[in-house]
Amino acid sequence: MNKKIKSSLAVVSAAALAFGIASVPTASAAAKTFTIGYQGPLSGGEASTGIDEQNAVKYAIKLFEAKNPGFKIKLVSIDDQGDPAVAGTVAPGIASNKSVLGVVGPAYSGATIASLPYYKSVNMALISPSATRVSLTDPTSPDFGGPIFHRVVGKDDLQGPALAKYATAGVSAAKVFVFDDQSAYAVPLRGFVEAGLKKVSGATLVGGDSVPNTTTDFSPTIAKIKTSGATVVIYTGYYSQAAVFIKQLRDSGSKAVFAGGDGVFNQEFPKLAGAAAEGSKVTGVGGLAGVDKKMEADFVKKMGVSSGVYSVESFDAANILLAGIKAGKTTREKMLAFVNAYSGKSISGNTIKFDKNGDISYGLFAGFTTKNGVLVNTGIVK
Amino acid sequence: MFSVLIDQFWSLTIAGIALGFIYVLISLGYTMVYGVLRMINFANSEIFMWGTFGTVITSRDIFHYTQTSEPAKGAKLVLVLVSSLVMSMLVAGLTAIFVEFVAYRRLRMKGTNRLATLISAIGISIALQEIMRLLTHSRPVGAPRILEKIILTEIWGANIRLDTVITIIAAALIFFVLERFIKLSRMGKAIRAVSMNEDAAKLMGVNLNRVITTTFLVGGLATGAAGFFYITVFEYTKFNIGFTMGMAAFTAAVLGGIGNIRGAFFGGLSLGLLEVYASAVLGTQWKAVTVFIVLVLVLLFKPNGLFGEAVQTTRA
């Protein structure tokens, strides 16, 4: 290949990488086209979360277009793999795409922090369905996302108590052992779980540990659990480690109840852990079926798959942006003002209204229990 | 603080020894190559990771065991375990030879300096990890349970489990065989000769290339065996597990005195025990800190590690 052609190709492909999603909608004659964005992991190890969320956004758009024939909505999705390093390279592309009015996402807290500067500079309204880290809406923190960041998911300070309650349900005078995987997600969550335990009558905290997320040999932690006489073990961390741990715990002969937070909430968990996972309890944010069975059936019909994690939240988030478009908020500034002042109903029946830091007042954490190798929704933890 | 250690001392000790033997076998991969080439084989951690997949593929794809199938019994159990072990050793051994060809041999032939091979070894280790990441879609891979983890007996309150017993005995056996091979066989003598003096060995008619390839192969076989035991005990692998295990095994090799086979043995065992005791007493977050404090102290008083006489003298 000619060198000149080669280098010009390189420039073009680099541009395509940066602006690949930036194909500006061509003005169509009939319906007016508007664009919203989605940012989350669509490839890599976390892809299943992003694909579930994106499906819920697409579903919301389908319903909206059916109801409002005058509007056509274009969805621009960018894949940050849930990784802050990747997010920092893809967020500028969507931020500079002038047609995007608002973004559902970013899905993950770390990726959100890395993307925020690019969105802040263009006043892009963000509504995350799943970034739960507390610091994102804490004005005293450097991670603070205001005034552009919003979320329709409960923070970890709501999840912690829910997890404490769900883990100890049905265990009288529960002796609880809590340990984390040392990640930025797990350490604060462990704190909120321990605080939540104080409000559960009869439960006592008997011990804890902090285990690097690369650990595969959990024997020292298991030794501590046995010495503490714990009847409930709560892990704040991710599903792959949880699967390794629960196998070793069961092999050691312990019958303590095992529970984990939304990091463990993944159908891969029972698959990896096999029989050892039976009866394990996990809090997480589930599919549409948890709030509306009829809607779930319609979702399956229209999308061809069942709704997955954070679909209620993603659906709600997309609907807020779509309501803004319907109300004629067709610049980013107007859209941001609209979202900040928004008040409406979630499909869960709760009222969505953001406080001045971008938080909603409720958190919907459902409890899941492993039965026959599948995490089964047992309803919202109240 | 010490109540856990006192209460669970024997359970911890047995777990530490089993983990230690896995370290011993991986650190052989580092020590063998270092002994001969005076270079660290940075790709050994990924050779280990590939080795773990050898076992997974054998049990899952060749013998069609799944996460939900019953553990094997009797002759079938022995067959599956032995073929998994052989497969892991083979995969890791071949990967090690591949690493030697790609990252070491060509550069050595061109007479480049040592740092060049260091970088090429890091390069191939990244490549090996990324290939596995793409093949597994970045997901963790669970291994089916082949060996039922029966509790054989209870000694001083500790459960003696079948998988740990097998790991300890078989790993010790493999170590012993390799050590004898280096000590007694013709090839082993050639390896030691090259380790002592490369030029003199060449003049005596030792085929240098063959010796170096064999060294990588033997190190790879040991590392692959470690991969098999790792899967048998933990039943889990992922494209990035190599780094942590490789780092630990490398530490073990340095602790015992790198380049020294007996050093790898005692270094691995002491590291395994040290890790579980430190985690139990101080909390798992202090594991790495404790290990490295001990390493620094040992190196302060014995700069060549616990068994750190020159390789040549111990091997002679």
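Observations, loosely collected:
- With 22 Å as the limit, the listed pairs A:K155/A:K382; A:K271/A:K302; A:K165/B:K287; A:K198/A:K345; A:K155/A:K345; A:K226/B:K73 have A:K271/A:K302; A:K165/B:K287; A:K198/A:K345; A:K226/B:K73 beyond it between alpha carbons.
- Solvent exposure of the protein assembly as shown as accessible area per residue, Å², 1.4 Å probe: 41
- Accessible-area loss of 40 Å² or more (1.4 Å probe, protein heavy atoms, chain alone versus all protein chains) is found in segment B:218-263 for B:F234, B:Y236, B:T244.
- For the pair B:L300 and B:S83, the difference between a 0.36 nm per residue extended length and the Cα-Cα distance amounts to 73.7 nm.
- Vicinal HN-Hα couplings computed from phi for segment B:262-277 (Karplus, 6.51 cos²θ - 1.76 cosθ + 1.60; Hz; Gly/Pro x): 5, x, 4, 4, 6, x, x, 5, 5, 5, x, 5, 4, 4, 6, 5
- Under a 5 Å amide H cut-off, with hydrogens placed 1.01 Å from N, B:A143 pairs with B:Y236, B:T237 among residues at least 5 apart or on other chains.
- Segments B:147-157, A:161-171 sorted - mean Cβ within 10 Å per residue, highest first: A:161-171, B:147-157
- Shielding by partners - mean other protein chain Cβ count within 10 Å, residues of B:66-73: 2
- Against the main long axis of the alpha-carbon atoms of chain A, helix A:219-228 sits at an angle near 60°.
- Cross-link table A:K199/A:K224; A:K62/A:K120; A:K58/A:K301; A:K32/A:K58, entries beyond 22 Å C-alpha to C-alpha: A:K199/A:K224; A:K62/A:K120
- Delta accessible area of at least 50 Å² on complex formation, residues of segment A:239-256, 1.4 Å probe, chain isolated as reference: A:K247, A:D251
- Extension gain, A:N340 back to A:A184 (0.36 nm per residue minus Cα-Cα distance, nm): 53.4 nm
- Size of electric dipole in segment B:1-136: Cβ of Lys, Arg +1 and of Asp, Glu -1, about Cα centre, debye, nearest 20: 580
- Cα gyration tensor shape for segment B:116-180, rounded if a/c is under 1.5, else prolate or oblate: oblate
- In degrees, nearest ten, helix A:109-120 long axis to first principal axis of chain A (Cα): 30
- Each label point was placed 7 Å from the Cα along the Cα-to-Cβ direction; for A:S254 and B:L162 their separation is 2.4 nm.
- The share of accessible area on segment B:52-157 that comes from carbon and sulfur is 70 percent, using a 1.4 angstrom probe.
- Table column - 3J(HN,Hα) (Hz), segment B:180-191, Karplus curve with 6.51, -1.76, 1.60, x for Gly and Pro: 5, 4, 5, 6, 10, 6, 5, 5, x, 5, 5, 4
- Dividing the C-alpha radius of gyration of segment B:131-261 by 2.2 N^0.38 Å, with N its residue count, gives 1.34.
- In this label model, A:D157 and B:F243 are separated by 3.3 nm, measuring between points 7 Å along each Cα→Cβ vector.
- Accessible area buried between chains A and B, both sides summed, probe 1.4 Å, in Å² to nearest 100: 2500
- For chain A, convex hull volume per residue from C-alpha positions, Å³: 162
- When +1 charges are put on Lys and Arg Cβ atoms and -1 charges on Asp and Glu Cβ atoms, the dipole computed for segment B:3-315 relative to its Cα centre reaches about 940 debye.
- 3J(HN,Hα) from dihedral phi, segment B:56-64, Karplus parametrisation 6.51/-1.76/1.60, rounded to Hz, x for glycine, proline: 4, 5, 4, 6, 7, 9, 8, 9, 6
- Apportionment of accessible area to carbon and sulfur, chain A, percent (1.4 Å): 59
- Heavy-atom accessible area, 1.4 Å probe, ligands and nucleic acids excluded: residues of segment B:7-24 down by at least 50 Å² from chain alone: B:Q8
- Each Cα pair of segment A:283-382 feeds into the Kirkwood radius, which the Stokes-Einstein equation turns, at 4 °C and 1.567 mPa s, into a diffusion coefficient of 86 µm²/s.
- More than 32 angstrom apart: percent of Cα pairs within segment B:3-315: 27
- If R0 equals 60 Å, the separation of the Cβ atoms of B:L282 and A:V300 corresponds to a calculated FRET efficiency of about 0.70.
- Distances between placed amide hydrogens fall under 5 Å for A:G263 paired with A:G237, all partners being 5 or more residues away or on another chain.
- 15 Å beta-carbon shell around B:F216, net charge (K/R +1, D/E -1): +3
- Its residue count N sets the reference 2.2 N^0.38 Å, and the alpha-carbon radius of gyration of the protein assembly as shown equals 1.07 times that reference.
- Rounded tilt (10° steps) of B:9-37 against the dominant C-alpha axis of chain B: 20
- Between the amide H of A:T33 and those of A:S28, A:K72, distances stay under 5 Å, these residues lying 5 or more places away or on another chain, with hydrogens modeled in the peptide plane.
The values are calculated or read from the model by the stated rules, or taken from the named source; none is laboratory data. The model shown is predicted, which means the values in this text are computed figures rather than measured ones. Every residue, glycine as well, gets a Cβ built from its backbone with ideal geometry; the counts of neighbours run over all protein chains shown. Remember, those area values only see protein heavy atoms, side chains included, never the ligands or the DNA or RNA. Shrake-Rupley method; radii C 1.70, N 1.55, O 1.52, S 1.80 Å.
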